[in-house]
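S.K.: Before we start, here is the structure in question, set down as structure tokens.
The values are calculated or read from the model by the stated rules, or taken from the named source; none is laboratory data. These numbers come from a predicted model, not from an experiment. With ideal geometry, Cβ positions are generated from the backbone for all residues, glycine too; neighbour counts draw on all protein chains shown. To get the accessible areas, we keep the full protein, side chains included, count just its heavy atoms, and leave off ligands, DNA and RNA. Shrake-Rupley method; radii C 1.70, N 1.55, O 1.52, S 1.80 Å.
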Amino acid sequence: MKTLFKATPILLMALGLLSTPVAAMSDVPDTANYGQQQMTYPGTLDYVEGTAHLDGQLLNDHELHNVSMQPGQVLTTQTGKVEIVLMPGVYLRVGDHSAVRMISPDIADTKVQVLRGEAGVEVDELHAENDLQIVDGKFTTHLVEKGFYEFTANPPRVRAFSGEAEVAALGRGYEEVKGGHEMALVSGAMQNAPKFNFSHAQDDLYRWSKLRSQYQAEANNQMMDEYGLGWGPGYWGGPGWGPGFWGGWGWGWGGPWW
């Protein structure tokens with residue numbers, strides 16, 4: 001009995017030490033599973049404002065992040081706008097009274113067609129393995145640098161607010177569209193990529209895209225602060241990353257194009 005009585009405080013101390021990390025661990029965010037819980041796939045509908053349809057079906061706010069555009073599907077808007085995550089760090093934003101078709105949502109071969117109205121593409125991250133293409137009219141534009149781009153369907157046109165794009169010209173290779181320039185996507189106008197008035201070109205879709213980028217940056221930075229993750233290289237490479245929807249890492253700020 002004496003031996004057991006003396007051993008009891010030791011056992012209690014050992015149990016206390018063992019229980020301490022268990023209790024502390026319950027207060028630590030499960031960052032290992034965070035990406036799996038928030039998984040997003042290429043073509044995922046990220047945000048809807050107003051009225052929009054996917055293949056004729058009215059989009060429901062409660063279904064966001066659970067709906068991904070599949071090859072051949074068409075998204076249309078009335079008085080409303082939609083944000084689509086094409087790949088990590090790349091957002092397609094569809095303006096009012098517009099329509100886009102998903103051709104390929106693959107992150108190594110991403111291809112979207114603008115059918116009606118206008119659409120903007122914010123590119124915050126791009127790798128050599130990415131092939132990001134926008135079809136507008138009879139032309140295909142490859143986005144080759146980070147930046148912000150706008151496409152209109154009638155008349156077909158690409159406008160590079162920043163970055164650089166290459167427009168495929170049948171039989172003539174590619175024509176460059178650098179930041180601050182635009183190109184009419186019609187036959188005979190391929191060599192013409194004049195500068196545009198930046199302040200006059202900041203239309204409703206541009207301003208909306210800028211706000212969405214800023215809101216995302218604030219939300220991502222707040223999330224990183226709450227999880228105490230700080231800064232460092234992420235799964236996709238590059239500095240300043242935090243846990244993202246892709247099961248790896250996502251941007252902590254918007255692009256510098258605004």
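S.K.: Within the range 33-44, restricting attention to residues that are under 21 Å from residue 104 (Cα atoms) and in contact with a strand residue (DSSP E or B) (Cβ under 6 Å, 6 or more places away or on another chain), which residue is modelled with the lowest pLDDT?
M.R.: Applying the first criterion (under 21 Å from residue 104 (Cα atoms)) to the range 33-44 yields 39-44.
Now restrict to residues that are in contact with a strand residue (DSSP E or B) (Cβ under 6 Å, 6 or more places away or on another chain): 40-44.
Numbers: 40: 70, 41: 85, 42: 91, 43: 94, 44: 94.
By that ranking, first place goes to 40.
S.K.: To continue, here is another question. Could you run through the range 45-59 and say how many residues are of a type in the set (Ser, Thr, Tyr) and under 16 Å from the mean Cα position of the chain (by Cα)?
M.R.: 1
S.K.: Scan (1) modelled with pLDDT under 95; (2) under 21 Å from the mean Cα position of the chain (by Cα) for the single condition residue 151 breaks and write down its number.
M.R.: Only one criterion in (1) modelled with pLDDT under 95; (2) under 21 Å from the mean Cα position of the chain (by Cα) is unmet by residue 151, namely (1).
S.K.: Starting from the range 54-72, take each residue that is among the charged types (D, E, K, R) and list its partners that are surrounded by 12 or more Cβ atoms within 10 Å (Cβ to Cβ), counting only C-beta distances under 7 angstrom and pairs at least six apart or across chains.
M.R.: What qualifies is 55/73; 55/74; 61/48.
S.K.: Looking at this structure, is residue 201 open to solvent by less than 20 Å² (accessible area, probe 1.4 Å), modelled with pLDDT of 85 or more and either of a type in the set (S, T, N, Q) or farther than 25 Å from residue 42 by Cα (or both)? If you could, list the steps in order and put the result at the bottom.
M.R.: Working: open to solvent by less than 20 Å² (accessible area, probe 1.4 Å): yes; modelled with pLDDT of 85 or more: yes; either of a type in the set (S, T, N, Q) or farther than 25 Å from residue 42 by Cα (or both): yes.
Yes.
S.K.: Give the number of residues within the range 154-173 that are assigned to a loop (DSSP other than H, G, I, E, B) and modelled with pLDDT of 95 or more. Show your work before the answer.
M.R.: Of all residues in the range 154-173, those assigned to a loop (DSSP other than H, G, I, E, B) come to 154-155, 161-163, 170-172.
Filter once more, so that each one left must be modelled with pLDDT of 95 or more: 161-163.
Of the residues in the range 154-173, 3 are assigned to a loop (DSSP other than H, G, I, E, B) and modelled with pLDDT of 95 or more.
S.K.: Take the conditions open to solvent by 10 Å² or more (accessible area, probe 1.4 Å), in contact (Cβ under 8 Å) with a residue 24 or more places away in the chain, more than 22 Å from residue 46 (Cβ to Cβ) and of a type in the set (S, T, N, Q) and apply them to residue 154. Does it pass? Quick ask: steps written out before the conclusion?
M.R.: Working: open to solvent by 10 Å² or more (accessible area, probe 1.4 Å): yes; in contact (Cβ under 8 Å) with a residue 24 or more places away in the chain: yes; more than 22 Å from residue 46 (Cβ to Cβ): yes; of a type in the set (S, T, N, Q): yes.
Judged against the criteria, residue 154 is a match.
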